[in-house]
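Have a look at the structure below, then the notes.
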Amino acid sequence: MKTFVQDRREGDSRGDIIFALFGHATIGLEWDGKHIYLDPCCEEADFESLPKADAILITHHHNDHFNPKAVEMLRKSDTVIITNSVVGAELEGAEVLGSGNTTFVNSWLTVEAVPAYNIERTQYHPRERGDNGYIVELAGRRTYIGGDTELTPEMLAVKDIDYLFLPVNLPYTMTVEMAVEAARTIHPRVFYPFHTIGTPQEDIARIPELLKDEDLEVVIAPME
């Protein structure tokens, strides 16, 4: 297994949250013995050797986000799978969560779906398809993972985010300028630009400088 970044962040009295960034769009969250995976698809991750999932979140059906084989490797009998309607139609037992709706996983996890779509380059992620980003409330902290999206009104309306993950992957998702505007507006504790394969890394490296006057931390992970 190759994990590019494993980052421990403040959670609650039961423990910290550990973010595992496996590359491209795949993220893991670990807290209090629970394991959550978002878009388990990265070729570099050995999913068979990873801890089984308590929850799996899938943003949309593109093959760099939805890999049925990876889902089955991580799945156990009581794994909760949350996704949009397109993936839900293909994945038995998945819970479909529409944009703007919230679901609860037992007493320890809250997941809210935020629309993820393109405004300028609508051929990649049209709004009407119903792709998701997710706000994950875990250990008293709120993590927003944008999915494949540009800068949208729904994104700019998100509040009270501790940890922010946004895709900066041209031409499919956000420009550096969009991501910086979003970070300034949402103002998380920590901002992780990720899913950056299509954007020159020298442009990604500019993001901390562009946000230097904001009271937030920027983590640039070697994602590819």
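The values are calculated or read from the model by the stated rules, or taken from the named source; none is laboratory data. Given the structure is predicted, the values throughout are model-derived calculations rather than measurements. Cβ atoms come from the backbone with ideal geometry, glycine included; neighbour counts cover every protein chain shown. Just the protein is used for accessible areas: all its heavy atoms, side chains included, with ligands, DNA and RNA removed. Shrake-Rupley method; radii C 1.70, N 1.55, O 1.52, S 1.80 Å.
Brief remarks follow.
- Rounded to the nearest 20, the size of the Cβ-charge dipole of segment 116-224 about its Cα centre is 220 debye, with Lys and Arg at +1 and Asp and Glu at -1.
- Nitroxide proxy distance, nm - points 7 Å out along Cα→Cβ at Glu128 and Arg184: 3.4 nm
- Convex hull of segment 1-142 built on C-alpha atoms - directionally averaged projected area, nm²: 8.5 nm²
- Share antiparallel - DSSP beta bridges, the chain, percent rounded to 5: 65 percent
- Point-charge dipole on Cβ atoms (K/R +1, D/E -1) for the chain, about Cα centre, debye to 20: 280 debye
- Taking the protein heavy atoms of segment 101-199 in the context of the full set of protein chains, the accessible area attributed to carbon and sulfur is 48 percent at 1.4 Å.
- Charge tally in the Cβ shell below 11 Å around Asp78, where Lys, Arg are +1 and Asp, Glu are -1, Asp78 excluded: +2
- Ser107/Leu156 FRET efficiency (R0 30 Å; Cβ-Cβ; nearest 0.05): 0.45
- Residue-count net charge about Arg206 - beta-carbon cut-off 12 Å; Lys, Arg +1, Asp, Glu -1: -3
- Here the peptides 135-144, 203-212 are ranked by packing, the mean other Cβ count within 10 Å, and the order with the highest first is 135-144, 203-212.
- Amide H contacts for Gly23 (H built 1.01 Å from N in the peptide plane; partners 5 or more residues away or on another chain; cut-off under 5 Å): Phe4.
- Extended-chain gain in nm, criterion 0.36 nm per residue less alpha-carbon gap, Ser49 and Lys76: 8.4 nm
- Sorting 82-93, 20-31 by average packing, meaning the other beta carbons within 10 Å per residue, from highest down gives 20-31, 82-93.
- Average accessible surface area per residue within segment 165-223, 1.4 Å rolling probe, Å²: 42 Å²
- Charge context of Ile18, other residues only, Cβ under 15 angstrom, K/R +1, D/E -1: -3
- Checking every one of the trypsin sites (Lys or Arg not before Pro) in segment 62-98 against DSSP loop status and a limit of 12 other Cβ atoms within 10 Å picks out Lys76.
- Backbone amide hydrogens, once placed in the peptide plane, bring Phe194 within less than 5 Å of Leu166, Val168, excluding anything fewer than 5 places away on its chain.
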